[in-house]
Structures are given as structure tokens and as C-alpha cells.
Amino acid sequence: MEIMKQFVVFGLGRFGESIAVTLHSMGHEVLAVDKDEDKVQAVSEKITHAVQADATDENALHTLGIRNFDVAVVAIGQDIQSSTLITLLCKEAGVKYVLAKAQNELHSKLLYKIGADKVVLPEMDMGVRIAQSLVSTNILDYIQLTPHYRLVELQAIDVWNNRSLRDLDIRARYGINVMAVKRGDDINISPSGEDIIHNGDILVVLGSTEDIERFQESSDAGKRRK
């Protein structure tokens, strides 16, 4: 059974509101904080509690008792000074895990320097995902694990149909690992070389960005040859 956590979300733009409402719908306690009273009122009935406050004020944060929260989400991306200060204050207050939204790569580096546990660039991440989907139609989704490694879901192409993983020789030829094969509602989390790939299967592969792109180019070429 999942243990209910307490989250505090700073900033009620589209990003912050979406996180706050989703976390609450998952059964967690959520406090949302924003300087804009209208935004606070708009979300107040969708989450546990919402307050109007200036989160850059250390006394205000102390009054909110943020040290009692498991996770803080700093969803203020445009105001770099505010997001940086709130992130720093949260860490100094003892919040165990702070996720912050960055405006750009430089902002991201700064947030990590002052102690953010995780930094996201939603607009950039979404742009990369959309670009990938436009170029490579059989990439369903991917997670950038590090700057150099990805976990990717690939739709099997016709030329792979009824061929074994050993026959496709993905690891030896491309240096990537097939972590799982999904077929409908079933998932094989430890596929062997003897497992056969069929149309409609989804391969979950792990590898370096360079190797996965090389593999993707090969699969795209296979689609064109079918």
C-alpha cells in the first residue's frame, strides 16, 4: 500500500496547478501557495489546502510549516530570482526532496548548485518529445535517464515480425539492451534471445543516446524497405 505523502507546491500556473491537482487525486495531501488570490481560489476546492502568500518571505514559509512536508515543488519558472530563493529556503528548512522548474539550462544548473534534488524543463522536454515523434514514428515514449542514456519505448516494425531477439541481434549490433517486451496487457520483463517479436509488440530498450539513435535510423530504414 502506498504511503500518503505531504506535498507543497509553489506557483499555480498551468504546470503547478496540474501537479497539485494530480497529486491530490492520487490520494496525497497537497498545500498550494501563490501570491495571486484568484489562482488560489481557483484551485482551493481541488486540493487539500491553498493559501495566498509570498513564498520568498522566510517568515511566511516558517508559518506554513514547510519543514513538515515530504516534497516541495517549486513550479515558478519565469521568475528566476523567486524560484531560486524558494528552492534555497526549502532546502535550508529541511525539506527532504525539492523539485524545481527551470526556465533554461543556466537556471537549471543554478538550481542544482543550491541544492535542488531534481530540476525539470517542461517546455524543452515536451519540445524534444514532439520532435522525436515527428521524426521517428515508431518511438512511443522515452525517458532521458541522464544526458547520455535513454529508456525508450519502440513500436515493433513489420520487418521484425516473427523474428527472435537473437535473430535481430540488437545488443551485439547496436549496444542497447531490450529490457522488456509489451504485448497487449502482458509484459515480459526479462526477454530471452529466443523470444519472438510480433507486429504490435512494444520494445522497451535502454542504451546511450547515440546507440539508440543509430538503432532508430536502422528501424526507420527497415520501415521504408517493407
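Each reported figure results from applying straightforward, stated rules to the coordinates on display, with no laboratory input. This structure is a prediction, so every number in the text was calculated from the model and none was measured. Here the Cβ positions follow ideal geometry from the backbone for every residue, glycine too, while neighbour counts run over all protein chains shown.
Values for this structure:
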{"item": "Difference of contour (0.36 nm per residue) and Cα-Cα distance, ILE196 to ASN177", "result": "5.3 nm"}
{"item": "Sequence-distant aspartates and glutamates (8 or more away, or on other chains) whose Cα lies within less than 15 Å of LYS113", "result": "GLU92, GLU105"}
{"item": "Given LYS5/LYS35; LYS39/LYS101; LYS35/LYS96; LYS91/LYS118, the pairs whose alpha carbons are separated by over 21 Å", "result": "LYS5/LYS35; LYS35/LYS96"}
{"item": "Under 17 Å from the Cα of LYS182 - aspartates and glutamates, other chains or at least 8 residues apart", "result": "ASP141, GLU153, ASP158, GLU194, ASP195, ASP201"}
{"item": "Separation in nanometres of the label points that stand 7 Å from Cα toward Cβ, at GLN81 and ARG163", "result": "5.9"}
{"item": "Hz values of 3J(HN,Hα) by residue in segment 148-155 - Karplus curve (6.51, -1.76, 1.60), Gly and Pro given as x", "result": "10, 10, 10, 10, 10, 9, 10, 6"}
